[in-house]
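See structure below.
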Amino acid sequence: MKGSYARTIKRPIVGLFAISLGLLLVSQAIMAFYAWNLFERGTLPSLDRKAITVAISVQAEIVHALDIGIPYDDLVGMEELFSQVLDATQGLAFVALTSPAGEVLHIHGVDRKLLGSMLIESSKVALTRFNEAVETDPSTHIVRQSFDKVPDSITQLAFTDTAIALAHNGQALGVLHVAVDQSFIQDRISEIRLDIGTVLLTSILIALEFLLFVVTLSLLGPARMIGSLLNNIASGDFRHVILAKYREELGCVIERLTTIVNNINASYVEVVNLANKARASTRSAAVVAQIDEILVKIRECGSFPSAGGVTSYRQPRVINIRMLTFLFMFAELLSRPFLPLYVRELVTPLPGISENILIGLPISAFMLMVALSMPIAGGWAGRVGYVKAYTTGAILATIGLLGTGLAFNLWDLILWRSLSGIGYATMFMACQGFTIDNTDEQDRTQGIASFVGAIMLAEICAPAIGGILADRVGYTMVFVFAAVVAMSSSLLAVRIIRFRTSASPYQNCRLRAADFGQLLHNFRFVILILFAAIPTKMLLTGYLIYLVPVYLIELGSSLSEIGRAVMIYGICTMALGPLFARIADRFHCHGLMVGLGGLISGAGLLPVMLWPGIDSVLLGVAAIGIGQAMSISPQLVLVSQVCHDLVQDRGHAIILGIFRLIERIGAALGPVLVGVLSAVYGFAYAMAISGAIAFIASLIFSVAFLALGLRSEDDLNDFPIMESSQ
Amino acid sequence: MIACGFRRCLPLLAITITLWGGLVADVTADMSEPQTRPLRIFMILWRGETNVEVGLRDYFNSEGIKTDLIIRNAERDKNKILEFIQEAKRIKPDLIYTWGTPVTLGVVGQFDAIDPQQHITDIPVVFAMVTSPEGSQIVESLASSGRNITGVSHVVPVETQVKAMLAYRKAKRIAVIYNPMENNSVLSVRALRRSAEVHGFEVIDQPAELDESGRPRAEDIPDLIDKVAAREPQFLYLGPDSFVGVNRKTFTHEAKVHRIPTFTATEVQLRDAEALFGLVSRYDSVGRLAAHKIKQILIDKIPPQDIPIETLRRFSYIVKMSIAKELGFYPPMKVLKYAEIVE
């Protein structure tokens, strides 16, 4: 019986979600289709027109040379002319002049040997068309022929040939060929498709997130509370009411129900008072016994509030935090695909220090400030309240992001990033503290999952959107947009967190130097942090945040592509994280998971050394995503296992806090380390070397833990597992 | 669209054929007072009227400036210049225009040896066709003469000339024949060597031999060309050298016989000899620029020492097609985009 009311409400809500999702999909699909059509109508034919324009303009130049008396066979600098044309026009594969028979005389763009007999046919057709032509307009003599990639051919050429006869004084001397690169078109097509797909996916994810937020906040949440209240009333429990204010119908219902409960309670109190008065006024023991019997009967009818009065149901507050968490993560992660590229624009050379190392500094500064300010921000948020903490953090982040976007040079950029780091850490701790405070033993896991889910969602959406935006409006505007998001999240925080909760024990504990000392004497803890936690975090900051953007841009990727590449990480952790966590819990193989995760992350970065290219980078991102998904949660379980005594003595939060702090300081070193590596060995090798370091570290970790074993594995109790990355 | 792209590339080249882009826009014109009487300009020429004077008149006509031009021709005789100076002092024109280095030096003297009796000091002077105003010590600095003169040079910077040569063909060796007694020539050969280091070619440097009176002999020219030809240069560079200029026909013809393409810095080598190609200042352009400076002095009332001495900013790349045909040595497609082709 319990919960059936909520279930009745849930069904239409699921329907609402389905309909909204359907509508979103349809409208987004139509938008995507429309965008695709615009592209097809615009870009593709314009490339064909370009080829014709190029052909006619080159033809005119050759005719001019013939006009002034240069013999056809003595034309000089044709290749140079063709190369100028290719440089000036994107998307062309080659320009060539062939004899009437189709033999290549001059060419630039590809090796003539690769073409073989490919141009013979179009040359012949172009000549025939010229000879039969009545009109003098050269564009009417154009011949087009497409060559697709032949799978087993060594040439791997795919192009559309635009052929036009080259004639002088009415006599055809040769044929001019301008080839549009099919792979260029294919690349553009797939890029636009991926862009559209990314926008589709992320916009639906974000829309659903908002829908969930609104529905839970204004419908599902109160409905659940009404359900519980009705159930309580039905079972005669009048100790609870709903004090939160809601508007419209639900508000009326809640108000009425509260009035009913209050009336019943008031009547109960009145009856008890009357009974007590009657009891006091009589001396007859029989009457007293009768009255007592009546009172007992009444009390049996239901549970009534004691002297403390009625208690209110707890509102479903965690959903508010989910939205706030999503927003601040989103604001920060928007710049992930291009941050090092942006830094590079601001770096002025310093004698003796490589540019690559300087680029790492602002990223490291951010990480370091996050690491250092989290312990302080956590305690502070508990003291001043989460709304104040969150809004303060949001304001700091807003200023930091704006400053980042408008920075003058590397040094003020480092300052702005540090400020952003403090803001980020404050918001993070406010959200985390709030989640723990507003959940109890039963729903804490769910609350944490919701918090982590918001982070994952931002990891997926923000880099993809940031990349696409940066491609179109530039870095600065993306930072401004991020600042706007951060600012509006602070306004939202003021509106939706309307209650103050008592500080939780998680926030109350302070880190002590003695704790560090004790932990660092724990051999297993040191191995865990040195060979598992720090290396994986360094890979995350060094590889994903620094190397991937700079290397991909060097390979010619667009910012949108980089955004999508970085998004893979979010997808992997979101899809696989919960799965691996369950597997690890079920089979008690936390150590194995951590070791394996590290090995996979490290190994995934090695192929780029042998096969430098985009695919290897994507493989690396996926490997890090999978590796992180495997190791994040089990790592935390391991911490409590290896520091079992200390955890019992000082509490989870302290030990976890220290673990996080050391790990994050390691993360801050990542960008500088890969900066040094890339300055010496180049980006691809820096990737592979950092992968190798992580691999070896994980190997040491695995061997050490196999040899040492864990301590008292059986008496573990579950405790919250926080956050995914960062 | 593509064509636009090409056109946009052209200004990037140091050398283009546009004639008048180089002139400074005349922003002060509207502020000047209306002209009440024709400008009296006393023109002392070295060898009669040339295209420079055509450009000069053309500029005055198109600007609607009335002039009263008094023309004197020295007929390559330095003695006549002295007579003209006396005449100018007598009739007191608004301005004196001089053509060429000898005339200009005669009229204004070297900047460190001015004799007010002999030279003009109180009448503004605008000179044209002076190869090297600094080298010939007419002025100390091109930025300002520091005295009552300004003018126009017609020489294309050597580095620009080298780039023009190399645009035609890559070269390993470039030969130059010159009169070692001519200061201008020595300076330009030195500049050529500097460019050679930048562009990685070798300069085959052949000074003319001098007779007892210290002059090079015209009859040595075939020998000089023979010597140079033996080292197989890709180009023979004909600089702004009087000895080469006077004997241009012999030089260019002998080079052609040896199948050495000749590059020249002066237009006359193409118009009146057999040079293959060159990067030159058009005489009429030089005249227009000189006329513009005259206007600045007489109408806009800018003191001559405030007007810098300039050369053109844009030059003409001229290819003589008849010679290219004879040598079978044709200009590349790239050069055809901006070159002026003459027969």
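The values are calculated or read from the model by the stated rules, or taken from the named source; none is laboratory data. All values reported here derive from a predicted model rather than from experimental measurement. Cβ coordinates were reconstructed from backbone atoms using ideal geometry, including for glycine residues, and neighbour counts include every protein chain displayed. Ligands, DNA and RNA are excluded from the accessible area calculation, which covers all protein heavy atoms including side chains. Shrake-Rupley method; radii C 1.70, N 1.55, O 1.52, S 1.80 Å.
Brief remarks on what is shown
- Centroid-to-centroid, using Cα positions, region B:196-238 and region A:387-404 are 76 Å apart.
- Packing-based order for A:425-434, B:73-82, using average beta carbon neighbours within 10 Å, highest first: A:425-434, B:73-82
- Straightening the chain between A:Leu23 and A:Leu530 buys 177.5 nm, computed as 0.36 nm per residue apart minus the Cα-Cα spacing.
- Rounded to the nearest 10 degrees, the inclination of helix A:182-215 to the longest alpha-carbon principal axis of chain A is 10 degrees.
- The peptide list B:151-158, B:107-114, A:219-226, put in order of mean Cβ contacts within 10 Å with the highest first, becomes B:151-158, A:219-226, B:107-114.
- Residues of type lysines that B:Lys80 reaches as a straight line, Cα spacing below 19 Å, ignoring anything fewer than 8 places off in the same chain: B:Lys89, B:Lys92
- In this simple spin-label model, placing a label point 7 Å from the Cα along the Cα-to-Cβ direction at both A:Ala88 and B:Thr36 gives a separation of 5.5 nm.
- Net +/- balance of residues flanking B:Glu326 in space, Cβ distance below 11 Å, scoring K and R +1, D and E -1: +3
- 222 nm mean residue ellipticity, helices alone, for chain B (DSSP H n ≥ 4; -39,500 (n - 2.57); rounded to 500): -11000 deg cm²/dmol
- Cβ neighbours within 10 Å from other chains - mean over A:66-74: 4
- Efficiency of FRET between B:Lys249 and B:Asp77 - r from beta-carbon atoms, R0 25 angstrom, step 0.05: 0.65
- The residues of chain A expose on average 44 square angstrom of accessible surface per residue, using a 1.4 Å probe on protein heavy atoms.
- Here the Gaussian network model covers chain B, with springs between Cα atoms less than 10 Å apart; of B:Gln86, B:Gln161, B:Gln117, B:Gln117 fluctuates the most.
- Helical mean residue ellipticity (222 nm; -39500 (n - 2.57) per DSSP H run of 4+; nearest 500) of chain A: -24500 deg cm²/dmol
- Per-atom-type breakdown for the protein assembly as shown gives carbon and sulfur 59% of the accessible area (1.4 Å probe, protein chains only).
- Approximating the spin labels as points 7 Å out from Cα along Cα→Cβ, the A:Ala101-to-A:Cys252 distance works out to 9.5 nm.
- Rounded tilt (10° steps) of A:683-708 against the dominant C-alpha axis of chain A: 40
- Sites B:Val257 and B:Thr121, calculated FRET efficiency, Cβ-Cβ separation with R0 35 Å, nearest 0.05: 0.10
- Take each residue in A:699-705, count the other chain C-beta atoms within 10 Å of its C-beta, and the mean is 0.
- In this rough spin-label picture, where each label sits 7 Å from Cα along the Cβ direction, the A:Thr445-A:Phe516 distance is 3.5 nm.
- Counting Cβ atoms of other protein chains within 10 Å of each residue's Cβ and taking the mean over peptide A:77-83 gives 4.
- Förster radius 30 Å - calculated FRET efficiency between A:Ser146 and A:Leu194 (Cβ-Cβ, nearest 0.05): 0.80
- Angle between chain A longest axis and helix A:355-384 axis [Cα atoms, degrees, rounded to 10]: 10
- Loss of accessible area when B meets A, both sides summed, Å² nearest 100, probe 1.4 Å: 1700
- Gained length - A:Ser281 relative to A:Met31, 0.36 nm times residue gap less alpha-carbon distance: 81.9 nm
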